[in-house]
Structure formats: structure tokens, C-alpha cells
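Structure, as C-alpha cells:
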Amino acid sequence: MNALVNWLDSRTGIRSLIHEALYERIPGGSRWRYVWGSTLVFAFFTQVITGIVLWMYYSPSTQTAWESVYYIQHETAGGWLLRGVHHFMAQAMVVLLALHLMQVVIDGAYRAPREVNFWLGLILMQIVLGLSLTGYLLPWDQKGYWATRVATNLLSVVPGVGPSLQSLVVGGAEYGHHTLTRFFALHAGVLPGALIFFLVLHVALFRRHGICYRLPPKFADTSFWPDQVLKDAVACLAVLIVVLVMCLRPAEWFSSGGMPPLGPELGAELSAPADPANQYSAARPEWYFLFLFQFLKFFEGGGEYGELMGAVVVPSLVMLLLFLMPILGRWNLGHRFNIGMLMILLGGVLYLTVDAYYEDHQAAWASAEDYEEIKPLVEELGSDEEKIQAHFDGDAGKIEQYRRQREAYQRYRKSQEYLRSVEKAEQEAQRAIDLASAPAGIPTSGAITLLRNDPKTQGPKLFGTHCASCHSYEEVALDAESLPPAVEDATAPNLHGFASRAWLSGLLSEHFTGPLYFGNTAHAEGEMAGFVVDTLSEWKPADVEKVVMALSAEAQLPTQQQADADDAEQIEAGRALIANEENCAMCHKFGDAGDYNLGVAPDLTGYGSRAWLIGMISNPNHQRFYPDTNDRMPAFGERLSPHAIEMIADWLRGEWYEPSGAERADTDTFEADDEASPAEADAAEDSPAAGDADSEPADSEPADSEPADSEPADSEPTGADAEDSESEDSDASS
Amino acid sequence: MSYESQTPDQTSDRRGFFAAASAIVIGGFLAIVPTAAALAVFLNPLRKRAGEAKFVRVTTLDALPTDGTPREFPVIANRVDAWNRSREPVGAVYLRLPQGADKPDCLSATCPHAGCFVAFDGPSDEFKCPCHNSAFAVDGAIIPPSPSPRPMDSLACKVEGNDVLVKFEDFYTGRSDKVVKQ
Ligand code: FES
């Protein structure tokens with residue numbers, strides 16, 4: 001062994017090298033305040049190691065970036081931990097950088113002869129921030145996408161070269177494949193390469209100058225090994241422990257009732273796949289850039305110069321000041337000035353960060369009651385000066401007070417909006433992950449098509465834009481004492497649970513003429529209303545129930561599969577009742593019965609089934625539905641793409657993929673206030689509908705999830721949308 | 001023996017200069033060729049100009065509320081992303097039919113401040129950007145004080161039959177004039 005080392009030493013001088021590295025003299029002994037540099041080196045090596053393996057799995061393109069990150073997180077053993085460590089260590093690095101900078105400035109370690117090394121440190125800091133910025137985009141999720149859009153758009157305000165700079169960074173005018181490839185090349189190649197280069201210089205110069213110690217040293221000198229190394233190791237251990245704890249996401253334990261089991265639920269977050277057409281109001285940069293984000297708000301009314309100041313000039317000036325520190329620090333007063341300035345800067349950063357966080361989250365701590373009083377007043381007066389003056393009789397004091405209260409209320413509402421968007425974003429992320437983990441997997445067109453073809457995601461949005469102006473969608477018990485205002489005011493039936501037994505029981509009761517069903521339509525006066533009120537009320541309840549069961553069975557609702565199978569006998573009896581020409585078939589067609597009734601009243605054959613519903617939405621004026629008695633319902637086949645109509649129909653029927661074990665169905669309620677911001681993403685029709693019943697192989701289906709829907713495609717009764725789909729822009733849904 | 005002890009004569013001086021010059025020329029050439037090739041490709045995005053945007057159908061006229069409320073619609077258009085050509089949602093617009101008008105106004109949903117997705121807030125009847133608090137009136141005008149340097153970007157819009165067509169374009173953000181992104 002010794003001989004081998006001797007041999008090596010004679011060729012390389014390794015002994016003296018190691019000796020030099022380990023036995024560097026530390027005047028005044030080892031100290032805790034010297035550990036920051038080492039923790040940063042440790043953090044960087046952690047990033048290199050975790051990053052290289054992430055690299056082995058990652059694929060930078062718009063159809064594969066999210067997908068490959070999803071795969072790392074959910075399909076590889078321990079991928080969540082790997083991503084988590086990489087993600088949180090990046091954050092730790094930024095904190096450590098700030099601490100290191102503070103320590104260097106406070107100790108005056110930037111003064112001669114260490115100026116150049118201080119500058120190298122500042123360059124390293126820029127590189128680390130660049131790594132964070134580029135890394136944030138790589139998963140190509142909504143969060144990274146929208147944050148990066150803002151960051152790169154700010155580049156374009158640089159005078160003269162801005163637009164070109166932006167185009168070079170983004171890889172063109174639009175965000176796409178080349179944004180990812182460029183960011184990835186920067187993140188995994190250029191920036192780490194530069195970092196290593198400057199780090200080597202930084203450490204070499206540090207060794208050349210030795211540690212910057214306090215004069216006169218209080219304690220006896222020691223050497224780097226083992227005293228300082230031990231302190232460094234303990235500090236690195238502390239950093240690692242913090243990072244590991246962060247991977248367990250302790251902040252969420254309170255809201256989610258404890259820590260989830262070790263697995264993909266933990267580690268770094270992955271939001272839904274990036275979608276430029278899908279509103280994402282939860283867009284925020286990573287927390288350590290929040291101060292810059294918040295800073296931009298201060299330039300209200302500043303126009304383009306304001307933005308230039310906030311995004312370019314002030315940050316550059318601050319950087320310049322930092323670079324000038326060693327020169328200013330030559331004078332004793334200058335050193336004090338530097339320390340003061342750094343504290344003010346860090347204090348400002350801290351303040352802006354907390355302020356940004358508070359602005360977004362204040363609604364979580366405030367209660368709606370605090371604003372109950374001012375709310376109606378703000379809604380009435382708003383910022384209309386005339387109205388305000390009139391209301392307060394020109395009382396300046398009261399007006400001032402109103403203004404303050406109004407602002408507070410508006411801030412509260414904004415925060416509420418933000419928190420709601422965050423929740424929505426989380427739901428969408430979860431849905432994307434559920435669909436990606438479905439047996440059908442992710443199509444080659446990418447995970448975005450999973451969401452675009454998912455009735456559970458698209459249904460509520462489309463309903464909000466196109467249906468909710470007339471129909472309500474509220475879960476209401478039939479015996480409820482009062483109805484929600486949304487139902488009371490709706491001019492068309494409430495469609496929650498459409499064609500289910502519960503819904504039909506209500507329809508065939510006195511509710512028929514109430515606002516839950518046709519009360520606010522012309523049908524309240526129609527023949528069916530008379531039949532329900534006069535005739536049906538005389539029936540034996542058991543018979544009505546059979547009719548309800550039979551009619552509901554026509555819909556083949558996925559939520560009722562089991563019940564339909566269990567009650568086959570009753571359903572048969574109900575079918576007979578319906579087909580009896582003295583009952584329903586007197587006016588309705590039902591299978592072969594009442595053929596001649598087509599056009600008189602809606603066809604009950606396959607009532608509420610997928611094809612029936614698609615037909616009804618596409619063209620309610622069709623022979624099969626209400627050719628003469630349609631009350632105001634538009635033919636959506638002329639407005640919407642067939643795909644969009646399918647999404648609405650499937651959503652109303654509760655027909656979507658649900659992971660096995662998950663509770664099925666009606667949890668997804670349509671929120672009326674979504675109407676203001678409906679994001680309606682309509683997919684190209686040829687993309688495979690992976691979350692869709694029709695495209696999934698029947699045998700890979702979890703038993704409780706989807707019915708094998710065997711509606712013949714050509715049973716669709718309208719011709720309007722088929723025609724429409726030939727036309728050039730048909731899939732531009734309205 | 002040391003090199004310094006030799007007194008350089010005229011010939012070796014000239015030879016030295018020649019060697020140095022050649023080394024610099026060859027070395028420079030060695031560096032320039034790969035760098036130039038790399039730079040040319042790196043700068044490619046600057047050469048590519050996006051073609052002029054075309055009108056695309058966004059919705060039908062009767063899908064717009066008649067009370068003058070803006071409504072959001074996705075824009076589905078042909079898109080070239082490097083090697084992919086596809087037809088997909090490329091962004092979103094707000095269409096608004098002013099009361100009594102027969103043609104809607106169209107506003108891009110992209111915030112002119114820094115590009116976030118502007119939301120329409122029903123209760124206050126204003127557009128609000130969720131990022132740095134810019135606010136705009138229903139017609140897109142800035143409501144001061146907002147950090148945005150210009151009103152929301154209006155887009156060319158026309159009606160053909162019952163169809164509403166929009167010329168969807170992206171503009172540079174953060175400046176007071178409206179310049180199409182290249
Ligand atoms: S991006 Fe809209 S206010 Fe900044």
C-alpha cells in the first residue's frame with residue numbers, strides 16, 4: 001500500500017497536495033462562521049449528482065418534458081426523493097448564498113487583496129440564480145410556464161437589444177420546444193460549466209489568500225483538518241436535514257391531516273401541463289424571486305419606464321453597488337456603509353417577500369364577516385366618484401374612510417381569488433396525474449391532450465360558458481326547504497344528476513313545474529306538465545318508481561350501473577309501463593312503441609344516453625326532440641365543435657375516468673362564479689381521447705370506473721355538426 | 001544551462017516573431033471555426049420571422065352575451081413549433097359585444113405588462129391581472145394606477161355570416177406602443 005502511494009506521489013506529488021488541502025492553517029482556530037462556503041460547495045455537488053440522474057430521465061420537448069418529469073416523480077422508485085432533494089437544495093443554495101454574502105461583507109472579507117475573489121463570488125451568485133430560473137421552467141407545467149413567460153417578457157424591456165435577447169432565450173417568438181431545449185442547455189450545460197469554472201477560481205484564490213480572520217486572533221491557530229472540516233460537515237448535515245424535511249412538505253400536514261405515506265405525493269410539486277390557453281391565475285415565481293415580483297407592483301402608473309426601472313435599472317444598480325463594495329470598503333466608513341447597505345437590501349428583500357406572501361394569503365387569515373358591511377356599499381358605489389360624493393353628501397372624512405375600506409376589501413377579494421386559483425390549480429394537477437397514471441397512459445401527443453379530452457376537466461368550463469346562462473347545476477335535495485338562488489333564477493332545468501333516478505323522480509313530481517325543472521320555461525304550461533300534475537299523481541307510487549327506473553336505465557349512466565343490474569325486473573316492468581300506449585307512449589316514442597309520435601314529444605328511446613344527449617345538445621329542434629315546442633334552447637351543433645359537445649354530454653352523465661379506489665362522481669360541482677373566467681380548451685379532434693371511455697381498451701378498465709359504452713356512433717340524430725366538422729375552422733369551438 | 005543565458009540574435013528574433021504570429025493565426029482560426037458555426041445556429045431565432053397572422057374562427061356571434069359582458073374564448077389555430085405543425089389552442093381572447101353593436105370587440109387575454117393571463121372580474125366589471133395588479137376597464141382601457149404601460153391589446157376581429165373571426169397576434173409586453181412579436 002505504502003509503496004503504491006509512494007509511487008503515485010513521486011509521479012504526482014499527491015501527498016503534498018493533500019497535505020496542503022487539509023492542513024491549511026486557520027489563524028485563530030476553526031469557527032462556525034467559516035462554514036458557509038463549504039455548505040455551498042456541498043449543495044452544488046448534491047445538485048450535480050441528483051441533476052445527472054434527473055438528466056437521464058428528462059426529455060426536453062413540449063410533448064415530453066412534463067411527461068418525463070411525471071415519470072420520474074410517479075413511476076420510478078424514489079424519484080420523488082431525487083426530485084425533492086434537487087428542488088429544495090436549489091432553494092437552500094439561495095439562502096446559503098445570502099448567508100455567505102452576509103458573512104463575507106460583515107467580516108470585511110472583500111477588502112484587499114480579496115476584491116477579485118469577492119467579484120468571482122458575485123458572478124457565482126448570478127449563475128446560481130440563473131440555474132434556479134432555468135430549472136423552474138423545465139417541468140413545463142403551468143407554474144413554470146407562466147412564471148417563465150413573465151421573466152422572459154421582462155427581458156424584452158431592455159432598451160435596444162431586449163426583443164432580440166428575448167428571442168434568443170426563448171428560441172423564437174413563441175414558447176415551445178426550443179424554449180425547453182435552450183433552457184435545458186443552459187441549466188445542465190452552460191451554467192453548471194461556468195459555475196465549476198468560477199468555483200475553481202474562487203476556491204483557488206481563497207486558498208491563495210487564506211481565511212480572513214479577525215485581528216488579533218482570540219484562539220490558537222488550528223489546521224483545516226479536522227477541526228474546521230468537522231464544523232463544515234456538521235453544517236452540511238444540518239442543510240441536508242432541512243432539505244430532507246422540506247421534501248416531506250411539512251407545511252401541508254396541517255391542512256391534509258398528517259403526512260402522506262412516503263411516495264410521489266411528497267417531494268417537489270408538479271402542476272398541470274403547460275397550456276397557453278388555460279387561465280392560470282396562481283402564477284408566481286419561486287419564493288426567492290417573489291421580492292422582484294412584488295417590486296414590479298411599485299411602478300404603478302410608471303408606464304414603460306416604470307417597468308424598465310423595476311425590472312432592469314434598479315436590479316442592475318443594486319448589482320453594481322455590490323460590485324463596488326470592495327472599493328468603497330477601503331475606507332473604514334465605507335465598510336460600515338457596505339454593511340448598512342447590505343442590511344437594508346436584505347431587509348428590503350425580506351419585506352417585499354413577506355409583503356407578497358401576505359398580499360396573496362391574507363384572505364386565509366381574515367374572515368368574510370369583516371367585510372360584510374362594506375361589500376354591498378363597494379358593489380353599489382365602486383370607484384364612481386359621483387356616486388360616492390352623492391352617497392356621503394360630500395363628507396370628506398367619510399369618503400376617505402370609505403376609500404380605505406374599499407381598498408382593504410378589494411385586497412381581500414384579490415387574495416381570495418388567488419387562493420381559489422391555487423386550489424383550482426392543485427385540482428387540475430391532481431387530475432392530470434390521475435389521467436397520466438390511468439391504464440391508457442399518456443398519448444404521444446402529450447399529457448395536455450389528456451386534460452383537453454377529459455370531460456371532468458372540460459365539462460364544467462364549457463357548461464359555465466355555454467349552458468349556465470340558462471341552466472343551473474346544483475346538487476339539491478328534492479325535499480329541500482328552499483332552493484339556491486342559482487336554481488331559482490335559472491330559466492331552464494337544473495342539470496345536476498341529469499337522467500339519474502333521483503333527477504327523474506323529481507321530474508315526474510310536482511317539481512316538474514317548479515324552478516328545478518321546467519317551472520321557468522314554456523313547458524310549465526305544456527301538455528306534459530298537465531300529465532304529471534293530473535294523471536301521474538294518481539298513479540301508484542311504486543309504478544312511478546318503476547317508470548323512473550326504466551327511463552333512467554335507458555341512459556346507461558356509469559354511476560348507476562350496479563343499480564340498473566340489480567333492478568332488472570322492476571326496470572322490465574317499468575319499460576312495459578312506458579311502452580303502454582295509454583301511458584307515456586301516447587305521446588312519446590319508446591323503442592318500437594309509439595312510432596308515430598316522433599316529433600310530438602321527445603323520443604324516450606335511449607333517453608339520457610350519450611348519443612341521445614349529444615343529439616339533444618347539438619340540435620334540440622330535431623324530430624327526435626322538440627321540433628315544435630323547443631323553448632329557446634339553441635342548437636349547439638352550430639356553435640360548438642362535436643368534441644366540445646361530447647365533453648359536455650359526458651360530464652353531465654358523469655362519464656369520465658376515475659382512478660380505481662377513488663370515490664366516483666358528483667364531487668365535481670360547477671361553480672356559477674366560474675362563469676366570469678371560463679377557460680375552455682378544446683382539443684383537436686384527432687387527438688386520442690385517453691381519458692375518454694371510447695378510446696380505452698375495455699379490459700384495462702378498473703371495474704368501477706367506466707361503462708363499456710356501446711352507443712353506435714351513427715345513432716347521432718343531427719346532421720348539423722357532422723356538416724360543420726368538414727368546414728375549415730370547425731374545431732375552433734365557440 | 002538556461003535559456004536566458006543565450007543572447008538572441010537578429011535571426012532568432014525574426015524566427016520568434018514568425019512563430020508567434022503563426023501560432024496566433026492558426027490558434028485563432030482553430031477557435032473561430034467552431035465558434036462561428038455554433039454562433040450561426042445559436043442566432044437562428046433572430047433570422048426567423050413569424051409570418052403574418054391569419055384570421056381564425058373563434059366562435060359564433062350568438063354565443064356572445066348581449067349585455068356587453070366580455071367572454072373568454074380559446075383561440076385554436078395552426079401552429080408551427082419547430083418540427084411540429086399542429087392545430088391547437090394557442091392562447092385566449094375576450095370578446096365583447098357592446099350593447100346594440102353588430103360586431104364584437106376583441107381583446108387579447110395576455111397582459112401587456114409582462115404577459116400573465118388577465119382575468120375578467122364579474123362583480124367589479126373590470127379586467128384584473130392576477131400578477132402585478134394591473135386593472136383594465138371592459139373596453140381594455142387602463143384603470144390607474146396600474147403598472148401596465150398600455151391598455152389591453154385589441155385584436156382585429158370580423159364577422160362572417162354568424163362566425164366571429166379574430167386575427168390572433170402576440171405583442172411585446174412592457175412598452176407603451178403595440179409591436180407584434182417577431
Ligand atoms: S403581468 Fe399583468 S400586471 Fe404584470
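Nothing in this text is a laboratory measurement; each read-out follows from the coordinates by a stated rule. In this text the structure is predicted, and so the values were computed from the model without any measurement. Glycine gets a Cβ as well: all are built from the backbone with ideal geometry, and neighbour counts include every protein chain shown.
Checking the Cα-Cα distances for A:Lys387/A:Lys424; A:Lys456/A:Lys540; A:Lys143/A:Lys414; B:Lys54/B:Lys128; B:Lys158/B:Lys181 against a 30 Å cut-off, the pairs over it are A:Lys387/A:Lys424; A:Lys456/A:Lys540. Packing here is the average count of other Cβ atoms within 10 Å per residue, and on that basis the peptides A:368-379, A:620-631, highest first, run A:620-631, A:368-379. Shielding by partners for peptide A:151-157, expressed as the average number of C-beta atoms from other protein chains within 10 Å of each residue's C-beta, is 5. The mean of 1/r over all distinct Cα pairs in the stretch B:63-107, once inverted, gives the Kirkwood hydrodynamic radius of 11.9 Å. Mean partner shielding of peptide B:155-163, defined as the number of other chain Cβ atoms within 10 Å of each residue Cβ, is 1.
Hydrodynamic estimate: the Kirkwood radius of the protein assembly as shown over Cα pairs, inserted into Stokes-Einstein at 10 °C and 1.306 mPa s, corresponds to D of 50 µm²/s. For chain A, the 222 nm mean residue ellipticity estimated from helices alone, with every DSSP H stretch of n ≥ 4 adding -39500 (n - 2.57) and the total spread over all residues, rounds to -16500 deg cm²/dmol.
The average projected area of the stretch A:581-659, computed from the convex hull of its Cα atoms over all directions, is 6.2 nm².
Only lysines eight or more places from A:Lys218 in sequence, or on another chain, were considered; those with a Cα closer than 25 Å are A:Lys231. Dividing the Cα radius of gyration of the stretch A:366-441 by 2.2 N^0.38 Å, with N the residue count, gives 1.77.
Please order B:Thr66, A:Thr152 by the number of other Cβ within 10 Å, starting at the fewest.
Values: B:Thr66 10, A:Thr152 22.
Listed from fewest to most nearby Cβ atoms, that is B:Thr66, A:Thr152.
With all pairs of different C-alpha atoms in the average, the Kirkwood value for the hydrodynamic radius of the stretch A:218-296 is 17.1 Å.
In terms of packing, defined here as the mean over residues of other Cβ atoms within 10 angstrom, the peptides B:87-99, A:448-460, A:333-345 line up highest first as A:448-460, B:87-99, A:333-345. Looking at the stretch A:235-306, which chymotrypsin sites (Phe, Trp or Tyr not before Pro) are DSSP coil and have at most 12 other C-beta atoms within 10 Å of their C-beta? Passing both the DSSP loop test and the Cβ count: no residue.
Volume per residue for the stretch A:116-234 equals 164 cubic angstrom (convex hull of Cα atoms). Inter-chain neighbour count for B:130-138: the average number of beta-carbon atoms from partner chains within 10 Å of each residue's beta-carbon is 5.
I'm a student and want to see the number: the projected area of the Cα convex hull of the stretch B:55-167, averaged over all directions, in nm². Don't jump to the answer; show the numbers that get you there.
On the way: hull surface 30.4 nm².
Average of the hull's projected areas for the stretch B:55-167 equals 7.6 nm².
The alpha-carbon atoms of the stretch A:454-653 define a convex hull whose volume equals 116 cubic angstrom per residue.
As a size descriptor, the averaged projected area of the C-alpha convex hull of the stretch A:313-386 was calculated at 8.8 nm². Residues B:Cys111, A:Cys470, A:Cys236 in ascending order of nearby Cβ atoms (within 10 Å, fewest first): A:Cys470, A:Cys236, B:Cys111.
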